[in-house]
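Structure first, then comments.
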Amino acid sequence: QYTTYYNADGNVCIARRKLPLGKWMEVILPYATGSSDAHNVISMGICTADGTIHLAYDHHDHPLHYCCSEVGLANEPETMKWHADNFGKNTDELVPGVKISGVCYPRFISRPDGNLFFECRHGSSGSGDNHLRLYTGETHTWSNFGRYIQGRDISPEDACAYINRLDYDKN
C-alpha cells in the first residue's frame, strides 16, 4: 500500500507498508513546494509492466514536476530497499529534451496491459488542452498519445477543460 503527501516542510513524501497492518516506511524526496494552493496535489501511478512508481506534483499551470522510481520497486517491495535514492531527480521532461509547461490536474491512469497513461491539462480553465502521454514498461519510455480536449484556439465560452474522472479498461 502506497500513499503520498507533503510534510510540514513542504517536501514531497511517499510511504509504503505491507498490508494488512505493516509499519509505514516513509521516503522524503528533495523537492519542496513553496505553495499552499490546494490545486498542487501529488499524483502517483504504478506501472505494473515494469514496477516503476511515477510521481507528478505541485502543479497549477506550472512546468511539469515529475520523478520516477527505479525499475522493479513496486513489483519487488520485499527485496528492494526503500529510500530516496530509489527515485530519480525532479524533471520537467518525460521525453528527453522536450520540456512540458502549463501543467494542471495531473493524473496517472493504469492500463489493462500494465502500462500507464499520464493525463493533464495544459493552460487555464477557459483556454486549456488536455493531453495523454503513454509510458511503456517494456521500453521504460514515454511517448505522446495526443490531445483529446481542445480548449486553446477556440472561444473560452465553448470549452472549459475540467475532467472529473477517466477510466480505462479492456473494453
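For ARG121, work out the one condition from (1) part of a strand (DSSP E or B); (2) within 23 Å of LYS170 (Cα to Cα) it doesn't fulfil.
Answer for ARG121: the failing condition is (2).
Quick check: is even one residue across region 49-58 assigned to a loop (DSSP other than H, G, I, E, B) and touching a strand residue (DSSP E or B) at 6+ places or on another chain (Cβ under 7 Å)?
no
With the condition kept exactly as written, say whether any residue in region 27-46 is part of a strand (DSSP E or B), among the acidic types (Asp, Glu) and within 18 Å of the chain's Cα centre (by Cα).
Within region 27-46, not a single residue is part of a strand (DSSP E or B), among the acidic types (Asp, Glu) and within 18 Å of the chain's Cα centre (by Cα).
Could you run through region 114-153 and say how many residues are more than 20 Å from CYS67 (Cβ to Cβ), at pLDDT 95 or above and open to solvent by 40 Å² or more (accessible area, probe 1.4 Å)?
Adding up the residues that qualify gives 1.
Evaluate the following for THR52: is it under 16 Å from the mean Cα position of the chain (by Cα) and either over 28 Å from SER36 (Cα atoms) or of a type in the set (Val, Ile, Thr) (or both)?
Yes; evaluated as a whole, the condition is true for this residue.
Only one residue in THR33, THR52, THR79, THR3 is farther than 15 Å from PRO106 by Cα, open to solvent by 40 Å² or more (accessible area, probe 1.4 Å), polar (S, T, N, Q) and touching a residue at least 12 places away in the same chain (Cβ under 8 Å). Which one?
After applying the criteria, what remains is THR3.
Looking only at region 93-104, decide whether some residue is in contact with a Gly (Cβ under 8 Å, 6 or more places away or on another chain), open to solvent by 70 Å² or more (accessible area, probe 1.4 Å) and either more than 24 Å from VAL12 (Cα to Cα) or of a type in the set (D, E, K, R) (or both).
no
The values are calculated or read from the model by the stated rules, or taken from the named source; none is laboratory data. Here the structure is a predicted model, which is why all the values come from computation and not from measurement. All Cβ positions, glycine included, derive from the backbone under ideal geometry; neighbour counts span all protein chains shown. With ligands, DNA and RNA removed, areas are computed over all heavy atoms of the protein, side chains included. Shrake-Rupley method; radii C 1.70, N 1.55, O 1.52, S 1.80 Å.
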